[in-house]
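The values are calculated or read from the model by the stated rules, or taken from the named source; none is laboratory data. Please read all numbers here as calculations on a predicted model, not as lab measurements. Note that we place each Cβ from the backbone using ideal geometry, even for glycine, and neighbour counts take in every protein chain shown. Quick note on the areas: whole protein, heavy atoms, side chains included, nothing else; ligands and nucleic acids left out. Shrake-Rupley method; radii C 1.70, N 1.55, O 1.52, S 1.80 Å.
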Amino acid sequence: MDDSTAAIEKRQYAEALRRHLRAAKQLRQQANFDPAAARARLYLREWQAGRLARSHAGLLASTRFGPAARFFISDLYGPKDFSSRDEEVERILPLLIKMLPASALRTVALAVELDALTEELDSAMVAELCRVGRIEQIDEGAYAAAYRAVGCRAERLRQIILIRETGEALERLTTKPLLSSLLKMMRRPAQVAGLGDLHQFLEHGFNAFRGMGSASDFLDSIDGKERQVLKRLFDGVSDPFRI
């Protein structure tokens, strides 16, 4: 890839990153404006993280795949609030564009796009669960009914695709021979500069995928199960998460 092509790619990833950061920030501000709404969002995120842990228990228990599975549930899709990470990215985006290789910038852009889409879907789920009075008593039946009421099948499929694309991007990062040393070297300076969350995200993802080797089996397992869950939820089958 020549320098001009790399520069064009960087600009494209940076613009996508700006767009998704704005969307995620706006949705989070709306969710956190009312303390009751913020609690409701947390109830939903905790339930969903627990469901993912149950659905992918085999990956979590695996010596090979466990670190990557934990990274996905905690750093990509879980009850954690990613506001600090995204504010860090927004604040130093011009510097990131200069310093990070295009592959790393794309990885961050995919993660933030996933975050923004998840915020959008979760906001709709919270509204529906609150409407029927089940936000503090979420179970599989209440979740499935709210999921179908919200709909957004195309967006749900996009969410699964983004999970896979983010994983593939992280796997490609592990082939960069100097990135591991750079991440270690930047750990303390990043914390001092108030960039600890962003650095932690990159380092956790890099280490989880580097230790796994090929990510194909791991990503195939997540992709396959989540597509099955999506279909079973929309089809209205009983026990939609038993796969």
Quick one: how many residues across the range 130-167 are part of a helix (DSSP H, G or I), touching a residue at least 12 places away in the same chain (Cβ under 8 Å) and of a type in the set (A, V, I, L, M, F, W, C)? 11
Please work out which one of (1) assigned to a loop (DSSP other than H, G, I, E, B); (2) at pLDDT 80 or above; (3) of a type outside the set (Val, Ile, Thr); (4) more than 21 Å from residue 226 (Cβ to Cβ) is the condition residue 1 fails and give its number. (2)
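Do we find that residue 184 is of a type in the set (Lys, Arg) and at pLDDT 95 or above in this structure? Talk me through it step by step, then tell me what you get.
Working: of a type in the set (Lys, Arg): yes; at pLDDT 95 or above: no.
So residue 184 fails the test.
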Residue by residue through the range 201-237, note down the ones that are open to solvent by 20 Å² or more (accessible area, probe 1.4 Å), at pLDDT 90 or above, of a type in the set (Gly, Ala, Ser) and assigned to a loop (DSSP other than H, G, I, E, B). 214, 236
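Return yes when residue 190 is touching a Leu at 6+ places or on another chain (Cβ under 6 Å) and either of a type in the set (A, V, I, L, M, F, W, C) or at pLDDT below 85 (or both) and no when it is not.
Working: touching a Leu at 6+ places or on another chain (Cβ under 6 Å): no; either of a type in the set (A, V, I, L, M, F, W, C) or at pLDDT below 85 (or both): yes.
No; evaluated as a whole, the condition is false for this residue.
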Of (1) open to solvent by less than 30 Å² (accessible area, probe 1.4 Å); (2) touching a His at 6+ places or on another chain (Cβ under 7 Å), residue 113 fails just (1)
Scan of the range 70-80 for residues that are closer than 23 Å to residue 139 by Cα and either at pLDDT 95 or above or surrounded by 15 or more Cβ atoms within 10 Å (Cβ to Cβ) (or both), ordered by number: 70, 72, 73, 76, 77, 78, 79, 80
Given the criterion over 18 Å from residue 210 (Cβ atoms) and open to solvent by 60 Å² or more (accessible area, probe 1.4 Å), identify the matching residue among 64, 54. 54
